[in-house]
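Step one of this worksheet: look at the structure below.
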Amino acid sequence: MNLINAQVHFLEDHLVLVHIPLSLYHYFFKAILGILFDETPALDSLQAREDTEENAQDELDSTSDPAWYREPAFLNVSITPVEVSIICPKRLVKRYLDPVLEQLGQINHSLRESVDISNHEYIAMQVLGQGLEAGKRVLELTSPLAMAGISIFFITTYFSDYILVPRRHKASVISALESKGFQFENANDAFVSPLTPTVERKLSDAMSPVTPPPSTVAELQSRTFQNLRARHIFPTVDDNIRLVQCAVHHEYYSRESSLSILREALITTLVVDDPRFLSLTLAALDSSASLLLEKRLLPRFARLSQDGNDTDLLLGAHGDTLVPIMLDLRDLPLEASGIVCGVAGRLAEATSCPPSAIISEDSSEPGSTTQQATYSASKLSREISTRLTLGPSVTPSPLSHHLKPDVDPSADAVEISFLSTARAGTIIVGVDELQRAVDALEAERKKQGSTAGDPSDESSGLGLGVRTIDSSAQV
């Protein structure tokens, strides 16, 4: 139950969030590749050194950081059914996106205005720690932030959990964390969590800032669903999208960077296979890039090893099949994107508690201390996780650059992950848990009661009006 030495590190960089409509993806394709492969020098810069052709090729293949290259502290590029989203240092936006935006503005001003870049800068925090309760650590950390009115973004990767907060609120973040017992270590620029955190209000990070902030989990979830319903925002499930969470596989003694390993397969996938869902995250403190992608794309990420056998470029390629539950938040302010976590909290309850427990908890008043509600809350605190495991425990993969081949996880494992992008929120659940997730949204709707003319009544009748899409051409 107790937290073991959880640490939260600030990744010092000036990050911005970029929303690109899917219809403009082709305009920005080259710029997006430039952001992804910024580590690769142009040939002109190599020839300027008057190197021989052989030495120039050696430079291209080298992973040592040249003087001109500055590794981003955090980078995420996501293609989803809602948008193309980029979270990257501001300097990369100026270098690669601004020229395209200027050209687009000369062609069509309205198209230029449809591309949205955050006015404020963000900073990323990486959550690290021992034990299997990673989700509990994240919720414990973000609770005081939400109660302080600080909007947050969640991104779950193969190794770590990341929280993005407005950079201008860094002092408030430090103050909020210290007020809840987190100890700030100036030398390491990291927080160390207390060993005996409180249990209540574990989902208070779930909403965007409101006035006044919610005081209980029940109030938080109620506001979340009321806000979504009022704005006609419905969770959407596409039955044809199946995902897998992976990380780049670095072979022993390899000096290649993650993006160098991925370069050929990733570019081919983007050009040829028209991915509907692909999210790549690179962080300075992670030993390997993480990739959340459609399972159908995995054949692209195989290569011949030195002994002539096929090997996977990705760890976790044979892991659990996941399904995204998407929220289109384009009609909400940027600061409200954290609202996705409110829905994720309800889904986590569904995978942590039997239906009877959820119903009993829903029927109790806020602040109720009935035995059933207490059981559900304590079970939620123990089991909610950005990678919720209901099966046998699996030791996390080591944070080593030279990674060992992964071991297939238990077939019974169930995962819940979060992906916050510029204008969308995605909750990712195991395919076997999809129906329970939908049932949880239905339970939330019944809890709040449906009103006449509620737009959700015109949908499939699931929860907030969960829309299940079949994008295949099959009859």
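Below is a table of values for the structure above.
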| item | result |
| --- | --- |
| Single match in PRO41, PRO99, PRO66, PRO81 (criterion: modelled with pLDDT of 95 or more, assigned to a loop (DSSP other than H, G, I, E, B) and surrounded by fewer than 19 Cβ atoms within 10 Å (Cβ to Cβ)) | PRO81 |
| Qualifying residue in region 103-110 (condition: under 17 Å from PHE29 (Cβ atoms) and of a type in the set (Ser, Thr, Tyr)) | no |
| Qualifying positions in region 244-266 - surrounded by 15 or more Cβ atoms within 10 Å (Cβ to Cβ) and assigned to a helix (DSSP H, G or I) | SER258, LEU259, SER260, ILE261, LEU262, ARG263, ALA265, LEU266 |
| Residues of region 238-264 that turn out to be touching a Leu at 6+ places or on another chain (Cβ under 8 Å) and modelled with pLDDT of 90 or more, as a count | 5 |
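The values are calculated or read from the model by the stated rules, or taken from the named source; none is laboratory data. Keep in mind the model is a prediction, meaning the values are calculated, not measured. Glycine also receives a Cβ, built like all others from the backbone with ideal geometry; neighbour counts cover every protein chain displayed.
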